[in-house]
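The values are calculated or read from the model by the stated rules, or taken from the named source; none is laboratory data. Source: prediction; values computed, not measured. Cβ: placed from backbone, ideal geometry, glycine included. Neighbour counts: every protein chain shown.
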Amino acid sequence: MHGVWQRRLMLTLLLAPALLWLFALIVLPHVDLALLSFRERTAPREYQAGLAQYRTFFTEPLYWHVFVRTAIMSMLATALTLVIAFPIAWVITKVARGRASSLLFVVCLIPFWVSETVRALGWLILLRESGVLPVLLAKFGLTAVPVELLYHDTTILTGLVYTSLLFMVVPLVSSLESLDDSLIEAAYDLGANGLSILRRIVIPHAAPGITAGCIVVFMLTLGNYLTPNLLGGKNSQWFTELIYTQFIVRFNWEQGAAFGFLLLALSTAIVALGLRLSGQRFVDVMRRS
Amino acid sequence: MIASLHRSAWLRAATVLYVAAFLIFLFLPLVTVAVFAFNNAPYPAPPWRGFTFDWFVGNESSGRVGLFHDAELLGSIWTSVVVASWVTALSLAVGTANAFLMERFRFPGRQALSILMLTPLVIPGVILGISILSLMSRIAEFADAELGLDLDFLRPGLPLVVLGQFSYIATIATLMISARLKRFDRTLEEAALNLGASHAAVLRTITFPYLAPALIGSAAISFLMSFENFNTTLMLVGADPPLTVMMYGRMREGASPVLNAVSLFLMLASAALVMTLMSRGSRGAPARTGARSPN
Amino acid sequence: MSTAEPLTTADPLSAPDLGVVGLSKQFADHRAVDDLSFSVDRGSFFSILGPSGCGKTTLLRMIAGFTLPDGGNILIGGRSMQGVAPNRRPVNMVFQHLALFPMMNVGENVEFGLARRGVQRGECRRRADAMLQRVGLAGASHKRIDELSGGQRQRVAIARSLVLEPTLLLLDEPLGALDLKLREHMKIELKQLQASFGTTFVYITHDQSEALVLSDHVAVMNRGRFEQRGTPQELYYEPATAFVAGFVGANNHIVGRLTGVDGAIAEIETDAGWRVHARKSGTMTVGGSVEAFVRPEVVSVEREAALLPQDHVRYAGEVQSLLFDGANSAVLLTEERSHFNIRVALPQTGRLASLEVGERVSFSYDPRRAICFASDGAATSATGSSMPASSHG
């Protein structure tokens, strides 16, 4: 077939774009970001290595408070998304049949073909004080005057869950699809009830899908900027906003880089923890989702 | 077949209610956006003041600048199209090369490379943005100070936006194309060679036609994801913002129904794209991999 | 619809393990199970044999509780199963593809049902180990399912059900996925297991050899009804309908017109003018269309006509092809005048192994060992495919 020579040439030609992409746009920028975060400015245009940025993070309560808050809210949003998406994935794969099933699946995907900006706009119009829901609530006498539904933590969570649903539904559907119905019937036949089937059969089988969905959702939520910023306003206190402020508003790139690295470390740690807990491999999980 | 287990009436009712509530939750924001694009009022808020097309066709003379006369918005849509086209072309080219590289070659470090290729998906988009921003700016500064070169394209602006989006969209294109190439029956190529075709001819007449659905699918996904990207773009944007950043800016100033109009336009455009893809019969692939639009 | 009354009140000890009364199930425009009634005796091996789509799977799923019947009743151990959920029925099922839980090891699979009943952990383990030992898998409880061979999986599936000591074990073509060699082996193993446990087995299959080898009783099912119930011998030697004759065992299928009756023996003439004889089953009128079945092993073939029994009609034929299959070897002959192709078993002694294609031979058979039925049109189409070698020359 190919000569050894030709194959070498082909390999080189194909490796070049991959390496260029990964090194120029992923590896080197992150190395640079790391270096940036570890330098201190001693005088204008004078720098030395140091941990000043990280020290600032730990000594300034506002910063690590926002950091912890972002992490907890993201976990909460991930758990909520899982709880809301699971029944839908179950209905799509195991209850609805044929056309109804695929139709429901497509319908669930549709909103996510539209930009997150548009979806956030929808929530703004719905929830702000002069918006649709507060006006309706007041009209039906549930509240005396229209109340502000924006800028609450619940609002942020709602928006984050909404944005994340698709990334949970899709891996769940694909993992539940591969669950052979006869396994569930066999468990029933052996005397199991709904709860024990869920615990012993369905969840162990869907574990890879659940892990994949949770990892993706957590990561996207943690790194989200738009939804917390628009729905939470000044109260959002999302960590990505600190990064943006340092980089774009204050031009303190060193501090921004340190924040960026902390966020990346948190994201990686949680992803690794999730993989460890569910005994999954990164590559398999990413392929699956 | 769990449907075959006789479920009690209340469980069935609960299922229907849940699905209905879920669908309302999904579509309420979109429907709201669409409806208020036609409200005859200066703000997208109740009460309903009657139907109007002003927010599409209005111009200065009517006091309301509609979408079709809003040069700034139209300009940002065009910017998005240009950026998305670049990102799509780059992602498709690199994704195809990667697919062949990973599926057809064995070389030392292949495993490590395949993991590295997945990492862009687990890096938050904001961080992808700032890391590229900082590296490129430092290179530009270095070139300016030491070499006297003015590398303007490395400063925040559209070239950086394209690179930033490409950095993770390439992964998605790679995954989609690889998935299809993996399922390809290589005996087809061997049969073609056996029948006297050259390697180039085999690629042109057998392999690429087979890959076509994945190529079309990943082109559509890449375009859409680039068009809708916000987080990475926000960090890299220069003087001329793409549509999502422009909309974000306007929303912070206080929304005007013209944003609803442009949103409706976006919805229709996305719907048209999805319909086209589905009618091509490649429903499963693009719809599902649409899941992969993070950052 | 409710003819179930006498059985419900029966003494549970003397009641059959399975009673089915007037059971029906309709799917859209297709009647899967059509007013079916039967019972299965305690401790017996009962098979339901039928082509795919005959309704046997629906019947089994109704017994297990996965499909609700439209009408009729199912009694297990004398107890009506109306409104009893599948997880509360005293039946267990061995699924077609076994449905072993891949997320659990062998031991956990076997313990699963016991644990659901609230049996203590240690006791579960003890009983599961004892059961695994009985099926010849002692010490395998820590293995993963995918480490087992096909035969071992089969045994785990059976052990998982039998450990619950069900009144009835349902088996849904569990041998279908195995390769031929293993299938032959598992047939024997299954029969031995059933004998040693004494549990009532209800087995569905489309493979007549499985049904014949394994069962005490077989019901042949077609279009939602039982065509015949009986021992394997009865089905083979005394088929009640043309469908059964065609479906159970190999048979030459000869369609023709009744030209005369001599006592119990009917004379049939095919369209091509071949005249054959067979024992009459049921009523038939001279001139009406009938179908006769002649088993390959009933026919004798000789090079010399004189060697054939004196009192049977002899036919001349030509060897069309040789079907060598060891002890099951046969030869396909073309009857001289009508060009009808008939399959004939060769003597197991190998005496005629040297026959060659094109050779002229004589053959005959005892008409009392062949059988004929009046055609009802419907059954003929189903039997036509039962034995390709019996195509009409």
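Miscellaneous remarks
- Screening region C:108-136 for residues that are outside any helix (DSSP H, G or I) and under 29 Å from the mean Cα position of the chain (by Cα) and picking the one that is surrounded by the most Cβ atoms within 10 Å (Cβ to Cβ) gives C:VAL135.
- Residue, surrounded by the most Cβ atoms within 10 Å (Cβ to Cβ), within region A:98-141, restricted to residues that are out of contact with any helix residue (DSSP H, G or I) (no Cβ under 6 Å at 6 or more places or on another chain), on the phi < 0 side of the Ramachandran plot and part of a loop (DSSP other than H, G, I, E, B): A:ARG128
- Selection status of B:SER62, out of contact with any strand residue (DSSP E or B) (no Cβ under 7 Å at 6 or more places or on another chain) and away from chain A (no Cβ under 13 Å): yes
- For B:ILE139, the requirement of being of a type in the set (Val, Ile, Thr) and within 22 Å of A:LEU36 (Cα to Cα) is met.
- Checking the stated criteria, C:ALA159 turns out not to satisfy the condition of being out of contact with any Phe, Trp or Tyr (no Cβ under 9 Å at 6 or more places or on another chain) and part of a loop (DSSP other than H, G, I, E, B).
- Test: C:ILE145 is without any contact (Cβ under 8 Å) to a residue 60 or more places away in the chain, under 26 Å from C:VAL248 (Cα atoms) and more than 15 Å from the chain's Cα centre (by Cα): no
- Elements of type helices (runs of 4 or more DSSP H) in region B:85-201, at least 3 residues being touching a Leu at 6+ places or on another chain (Cβ under 6 Å) and within 11 Å of chain A (Cβ to nearest Cβ): B:125-142, B:158-183
- The listed residue being touching a residue at least 24 places away in the same chain (Cβ under 8 Å) and in contact with a Leu (Cβ under 7 Å, 6 or more places away or on another chain), out of B:VAL245, B:VAL237: B:VAL245
- The listed residue being among the aliphatic types (A, V, I, L, M), more than 10 Å from chain B (Cβ to nearest Cβ) and part of a helix (DSSP H, G or I), out of A:LEU277, A:LEU264: A:LEU277
- For C:VAL163, the conditions (1) without any contact (Cβ under 8 Å) to a residue 12 or more places away in the chain; (2) within 12 Å of chain A (Cβ to nearest Cβ); (3) among the hydrophobic types (A, V, I, L, M, F, W, C); (4) in contact with a Leu (Cβ under 8 Å, 6 or more places away or on another chain) are fulfilled apart from (1).
- Pairs, first assigned by TED's automatic domain parsing to the domain that holds C:TYR203 and surrounded by 17 or more Cβ atoms within 10 Å (Cβ to Cβ) in region C:32-51, second aromatic (Phe, Trp, Tyr) and in a strand (DSSP E or B), C-beta under 6 Å, six or more apart: C:VAL40/C:PHE46; C:PHE45/C:PHE201; C:SER47/C:TYR203
- Test: residue in region B:45-58 that is in contact with a Ser or Thr (Cβ under 9 Å, 6 or more places away or on another chain), more than 14 Å from chain A (Cβ to nearest Cβ) and buried (at least 18 other Cβ atoms within 10 Å of the Cβ): yes
- Of the candidates A:ILE248, A:ILE243, A:ILE210, the single residue that is over 22 Å from the mean Cα position of the chain (by Cα), within 27 Å of B:PRO120 (Cα to Cα) and in a helix (DSSP H, G or I) is A:ILE248.
- Checking region A:273-282 against the condition returns no match, with no residue being buried (at least 22 other Cβ atoms within 10 Å of the Cβ) and either of a type outside the set (S, T, N, Q) or at pLDDT 90 or above (or both).
- Of the residues screened, A:ILE110 is one that is within 13 Å of another protein chain (Cβ to nearest Cβ), over 30 Å from A:ILE197 (Cα atoms) and at pLDDT below 85.
- Residue satisfying all of: in region B:61-71; assigned to a helix (DSSP H, G or I) and out of contact with any helix residue (DSSP H, G or I) (no Cβ under 7 Å at 6 or more places or on another chain); farthest from B:PRO242 (Cα to Cα) among these: B:SER61
- Here A:LEU142 fulfils each of the conditions (1) at pLDDT below 90; (2) within 11 Å of another protein chain (Cβ to nearest Cβ); (3) more than 22 Å from B:GLU228 (Cα to Cα) apart from (2).
- Per-region count, region B:157-178, residues in contact with a Ser or Thr (Cβ under 8 Å, 6 or more places away or on another chain) and either outside the structural domain of B:SER85 (by TED's automatic domain parsing) or surrounded by fewer than 17 Cβ atoms within 10 Å (Cβ to Cβ) (or both): 0
- Hey, A:PRO171 away from chain B (no Cβ under 11 Å) and either assigned to a helix (DSSP H, G or I) or crowded, with 24+ Cβ neighbours inside 10 Å (or both) or not: no
- Of the listed requirements (1) of a type outside the set (A, V, I, L, M, F, W, C); (2) touching a residue at least 24 places away in the same chain (Cβ under 8 Å); (3) surrounded by 15 or more Cβ atoms within 10 Å (Cβ to Cβ); (4) over 17 Å from A:LEU264 (Cα atoms), A:SER37 misses just one: (4).
- Condition met for A:LEU11 (facing another protein chain (nearest Cβ under 8 Å), over 30 Å from A:SER182 (Cβ atoms) and in contact with a Phe, Trp or Tyr (Cβ under 6 Å, 6 or more places away or on another chain)): yes
- Any hit, region C:340-358, residues being in a strand (DSSP E or B) and over 20 Å from C:ILE371 (Cβ atoms): no
- Hits in region A:56-92 (condition: farther than 23 Å from A:GLY274 by Cβ and either under 19 Å from the mean Cα position of the chain (by Cα) or part of a helix (DSSP H, G or I) (or both)): A:THR56, A:PHE57, A:PHE58, A:THR59, A:PRO61, A:LEU62, A:TYR63, A:HIS65, A:VAL91, A:ILE92
- Where strands (runs of 3 or more DSSP E) sit wholly within region C:192-305, those with at least 2 residues that are touching a Lys or Arg at 6+ places or on another chain (Cβ under 8 Å) occupy C:200-205, C:217-222, C:252-262, C:265-269, C:289-294.
- A:GLY213 vs. criteria more than 11 Å from chain B (Cβ to nearest Cβ), buried (at least 22 other Cβ atoms within 10 Å of the Cβ), over 21 Å from B:ILE127 (Cβ atoms) and in contact (Cβ under 8 Å) with a residue 40 or more places away in the chain: no
- When residues in region C:311-335 are screened for being modelled with pLDDT of 90 or more and of a type in the set (Asp, Glu), 2 of them pass.
- Residue count for region C:305-336, restricted to those that are more than 33 Å from the chain's Cα centre (by Cα) and of a type in the set (D, E, K, R): 4
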